[in-house]
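These notes concern the structure reproduced below.
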Amino acid sequence: MFAISLGDDGAELRPLEPWQAEEFLAHVDRGREFVGRHIVLPDVVHDLDSARAFLRSYAEKAAADTGRIYGIWADGTLVGGVLFRTMDVAGGTAEAGCWLEPSAAGRGLVTRACRVIIDWAVEQRGIHRVEWLASAENGASIAVARRLGMTKEGVLREKYPHRGTRADTEVWAVLAPEWRAARTAGA
């Protein structure tokens, strides 16, 4: 398996695969309440079978070239992840997302990991538009979108039903030419 360094702190980005279901479940359990405030992952992954099924669904997406999932490891422990929830290579669009357990928050891990996967999507896969959807209440996710140079395109009012309430969803995106220009300017 490959690992991509996310910087001098030793954090790594690696594929997250079905054989890692036990480690994935332990990670979800550590961040269950924190992560579940804004996304459905902890409600979907609640035991070993559901963890395996979730990771298997992304293995199938990877095989079909319609999605990807990667884990973020810090100090040898799985602490979060980034993904392409959807990928339409022919249409040139992908939706990126993330999650992180509380012990790893505030270290820039998600931003660094997203830069890696967006670079790959734009430069290797020819993706033209990378979207980011976040609950309007999820300030951390919105901050990542900003740090990635995305543009806020609008708000989908009460779009996302989550734990008994409907949340507004902010839509952010970056286009390939914008991504490349920002990467060149920062190099």
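Summary of values
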| item | result |
| --- | --- |
| Sparsely packed trypsin sites (Lys or Arg not before Pro) within segment 115-166, loop by DSSP, other Cβ within 10 Å at most 10 | Arg163 |
| Residue-normalised accessible area of segment 1-135, expressed per residue, 1.4 Å probe, Å² | 44 |
| Normalised contact order of segment 77-187, rounded percent, pairs of Cα under 8 Å and 6 or more residues apart | 22 |
| Neighbourhood charge, 14 Å Cβ-Cβ cut-off, centred on Ile72 and excluding it, Lys, Arg +1 and Asp, Glu -1 | +1 |
| Candidates Glu12, Glu137, Glu170, ranked by Gaussian network fluctuation over the chain, Cα under 10 Å, top entry | Glu137 |
| Charge context of Gly126, other residues only, Cβ under 15 angstrom, K/R +1, D/E -1 | 0 |
| Net charge over other residues, Cβ less than 10 angstrom from the Cβ of Phe24 (K, R count +1; D, E count -1) | -3 |
| Phi to ³J(HN,Hα) by Karplus 6.51 cos²θ - 1.76 cosθ + 1.60 over segment 34-48, Hz, x for Gly, Pro | 4, 5, x, 4, 10, 10, 7, 3, x, 7, 8, 9, 10, 7, 5 |
| Surface share of carbon and sulfur [accessible, 1.4 angstrom probe, percent] for the chain | 52 |
| Relative contact order for the chain, counting Cα pairs under 8 Å that sit 6 or more residues apart, in percent | 16 |
| Residue (of Gly186, Val45, Gly10) at the positive-pole extreme of the chain, dipole from beta-carbon charges | Gly186 |
| Residue with peak Gaussian network fluctuation, the chain [Cα springs, cutoff 10 Å], from Gly97, Gly164, Gly36 | Gly164 |
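The values are calculated or read from the model by the stated rules, or taken from the named source; none is laboratory data. These numbers were taken from a predicted model, which means no experiment stands behind them. FYI the Cβ positions are ideal-geometry reconstructions off the backbone, even for glycines, and counts take in every protein chain you see. Just the protein is used for accessible areas: all its heavy atoms, side chains included, with ligands, DNA and RNA removed. Shrake-Rupley method; radii C 1.70, N 1.55, O 1.52, S 1.80 Å.
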